[in-house]
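Nothing in this text is a laboratory measurement; each read-out follows from the coordinates by a stated rule. Keep in mind that this is a model prediction, so the values were computed, not measured. Neighbour counts run over all protein chains shown; Cβ positions are idealised from the backbone, glycine included.
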Amino acid sequence: MPYLGKVLVVDDDQTVLDLIKLYGEREGFEIIGINNGDLVLPAFYREKPDVVILDIMLPGKDGLTLFRNLREIRMIPIIMLTAKGEEVDRVLGLEMGADDYVAKPFSPRELVARIKAVLRRTQPVDTSTNRKMKYPGLEIQADIRSVLVDGKETEVTSREFDLLYYLAQNPRRVFTRQELLTAVWGYDYFGDQRTVDVHIRRLRTKLAPLPHKYLTTVWGVGYQFTPPFKEGKTKL
């Protein structure tokens with residue numbers, strides 16, 4: 001079985017850790033389980049994981065604090081675990097830039113599928129068909145999944161990049177929230193449509209230094225990418 005990567009799982013429930021380890025290792029992942037928030041940062045530096053599964057309620061440091069700590073170190077993909085019905089926790093995680101969230105109780109197969117999807121989105125794309133897109137003040141580099149604002153690289157999560165890139169590939173086309181969820185999050189995504197609003201808001205904040213507003217709202221419908229010139233994107 002091919003090796004798919006290393007996953008750091010943080011949860012105080014040993015049953016959850018054992019379950020994720022069982023299903024994850026069957027699929028080719030190396031699973032590192034941590035049950036206390038105070039142990040996460042040392043393990044993160046030591047193990048250098050490819051993705052983190054992070055519960056919010058933990059002994060020691062809580063999940064939201066750890067989320068900030070981890071993202072200050074590296075823009076690693078993070079999937080949040082939330083208790084069923086805890087909408088506040090879910091929204092907080094999305095506002096902070098989580099790549100995905102899974103509500104407990106969850107299907108271990110679904111979680112493994114989401115890990116695979118997150119890792120796929122962080123891989124470089126084929127540069128023979130996907131090149132740079134350049135607009136005034138904004139450059140989207142598909143080959144290395146990078147966004148430059150006024151010539152400076154701006155940190156975006158994998159999901160934020162996918163959303164911006166998808167919209168930019170279809171300039172002036174108006175997408176509903178459901179269409180964006182299907183195209184960017186996947187047809188089997190179970191989250192609500194406000195997830196799109198949160199990610200658009202975060203992207204707008206990161207593009208705020210630019211005088212032109214690239215992400216526009218079409219009221220009652222959804223969102224579109226609006227270049228400042230009619231000919232659309234420039235491929236380099």
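Using 20 Å as the Cα-Cα cut-off, could you pick out the over-long pairs in 6/104; 6/116; 48/152; 48/116?
Where the Cα-Cα span goes over 20 Å, the pairs concerned are 6/104; 48/152.
Provide the per-residue ³J(HN,Hα) series for segment 54-62, in order, calculated from phi with Karplus coefficients 6.51, -1.76, 1.60 and θ = phi - 60°, each as a whole number of Hz, with x at glycine and proline positions.
10, 7, 8, 8, 9, x, x, 5, 7
Dipole magnitude of segment 1-74 about its Cα centre, charges +1 at Lys/Arg Cβ and -1 at Asp/Glu Cβ only, in debye to the nearest 20?
340 debye
Which is farthest toward the positive dipole end of segment 1-52 among 20, 51, 3, measuring Cα position about the Cα centre, with Cβ charges +1 (Lys, Arg) and -1 (Asp, Glu)?
Towards the positive end, the residue furthest out is 3.
Can you give the net charge of the other residues whose Cβ lies under 11 Å from the Cβ of residue 37, counting K and R as +1 and D and E as -1?
Result for the local shell: -4.
For the peptides 20-32, 155-167, what is the packing order when you average, over each peptide's residues, the other Cβ atoms within 10 Å and list the highest mean first?
Going from most to least packed, we get 155-167, 20-32.
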